[in-house]
Amino acid sequence: MASGLFALLDDVAGIAKVAASSVDDLAGMAKVATSSLDDVAAQAGKAGAKAAGVVIDDAAVTPRYAVGFAATRELPIIWRIAMGSLRNKLLFLLPGALILALVAPWAITPLLMAGGAYLCFEGAEKVLELVLPHGSHGDGKAGEPVGDSAALEQQKIAGAIKTDFILSAEIMAITLAGVSDQSFWMKAAVLAVVGIGITAAVYGVVALIVKADDFGVALAANPRPASSLLGLLRRNPEGANGFDRALARLTQPLGRALVVGMPHFLSLLGTVGTAAMLWVGGGIIIHGLEGYGLAGLGHGVHDLAAAAGRALPAAVGGVGEWLVGAALAAIFGLIVGSIVVLAMHWLVGPVLKLFRKDTAKPLSEGGPGH
C-alpha cells in the first residue's frame, strides 16, 4: 500500500515537472514573441522616420481635396481617401514590394531613385511655379461636372487616391530599402505596420486640419462655452454664467485665431511639404549613387554638414548638422528636379504631342494602319 502511494506521488511529481517545463516553454515563447514585436516596432519606427518627408507632403497635399464641399461631407471624403490609401498599401504595394524583394532585389535601388527623381520633379515644379507663375497646370476644373456634387466628390476622391498611390509607393519603397537585410516575414510585418500606422497618422492629422476652421467658427460664435461644452448650466445657472464669461475670454479669441490662422498654416504646410519632397528626393538619389560606387557627393554633403555642426555650440550642433545636410540634399534635389522639369517640357512633352497628333490622323491621311 505504501509503495503504491509512493509511486502515485512520483507520478504527480513527474506531471508537475512536465507542467513546470511547459510553463517555462510558454514563457520562453512569450519572450520570443515580445522580442519579435519589439523588433518589428523598432524596424517600423526607423523605416517610418526615413519616409517622414513623403509623409509630410502627403499630409500637405490631401486637405485640398476636401475644399469646396459642405462641412458635413469633409470627414466622409477624408475617410474614403484614407480607406483607398490603406487599400493601395496593403493590397497592391505591400505584395508587390515583397515579390520585388524576392525576385529582383537589385531593382529596389533604381526604383527608389526613380521615385526620388519624381519627388524632386514635383518639388521643383512647385518652386518654379512660385518663381515663374504661369497659371494652372490643368487641374481638371474645366472638365468638372457643374451642379453634380456627388460626381464631383467621386472625381476628387479618385484623384486623391491616385496621387496617394504614388506617395504610398515611395513610402513603401523607402521602408523596404530600410529592412532589406531582414527576413521575409519581418519585411512583411514592418511594411504592414508602417502602412497602417502612416495612413492612420496622416489622415488623422488631415481630418483635424480640415475641421479646424469649423471648430474655430463654433468657438468664436459661442459666448457660453462652459454651459454648452461642460454642461454646467443644469447644475448651477448663475455660477455657470460667470464661468461662461471667464472661459469665453479664452475660447472666442482662440476660435478667431483658428479661423484666421488656418489658411496661413495650410500655406506653411505646403511649403514644408515642398521642402520635404526636395530633401527626401535628393537624399534618396545621393544614397543611391553611393550604392553604385559614386560616393563623392554623399561624402561631400556629410563633411559639410559635420563641419557646420562642429562650428555651432554643442547644445545645437546635432540639429545644425542635420539642417545643413537636409538643406544640401534639398538643393541637389531642386537641381535634379529642374533638369527633369526641363526634360519633360522640352523633350518628352513634344514627343508625346507628335505621337498623339500622328495617331489622331485619319487613315486616308497616312495615320496608323494606312
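Since every read-out is calculated from the coordinates, none of them should be taken as a lab result. Because the structure is a prediction, the values reported are computed rather than measured. For neighbour counting, all protein chains shown are included, and Cβ atoms are generated from backbone atoms with ideal geometry for every residue, glycine included.
Could you rank the peptides 185-193, 247-255, 167-175 by their average count of other C-beta atoms within 10 Å per residue, with the highest value first?
167-175, 185-193, 247-255
By how many nm would the segment from residue 228 to residue 186 lengthen if fully extended, with 0.36 nm per residue of separation less the alpha-carbon distance?
This chain segment gains 10.1 nm when fully extended.
For residue 91 and residue 245, calculate 0.36 nm times their separation in residues minus their Cα-Cα distance, and state this gained length in nm to one decimal.
Roughly 50.1 nm would be gained on extension.
Go through 126/187; 89/353; 89/156 and tell me which ones have a Cα-Cα distance over 30 Å in this structure.
126/187; 89/353
Which order do the peptides 207-214, 325-332, 264-271 take when ranked by the mean count of other beta-carbon atoms within 10 Å per residue, highest first?
Ranked from most to least packed, the peptides come out as 325-332, 207-214, 264-271.
Cβ under 12 Å from residue 208's Cβ, residue 208 left aside: what net charge do those residues give with Lys, Arg +1 and Asp, Glu -1?
-2
Give the shape of the range 273-335 as rounded, prolate or oblate, defined through the alpha-carbon gyration tensor: a ≥ b ≥ c are the square roots of its eigenvalues, a/c under 1.5 means rounded, and otherwise the shape is prolate if a/b is larger than b/c and oblate if not.
oblate
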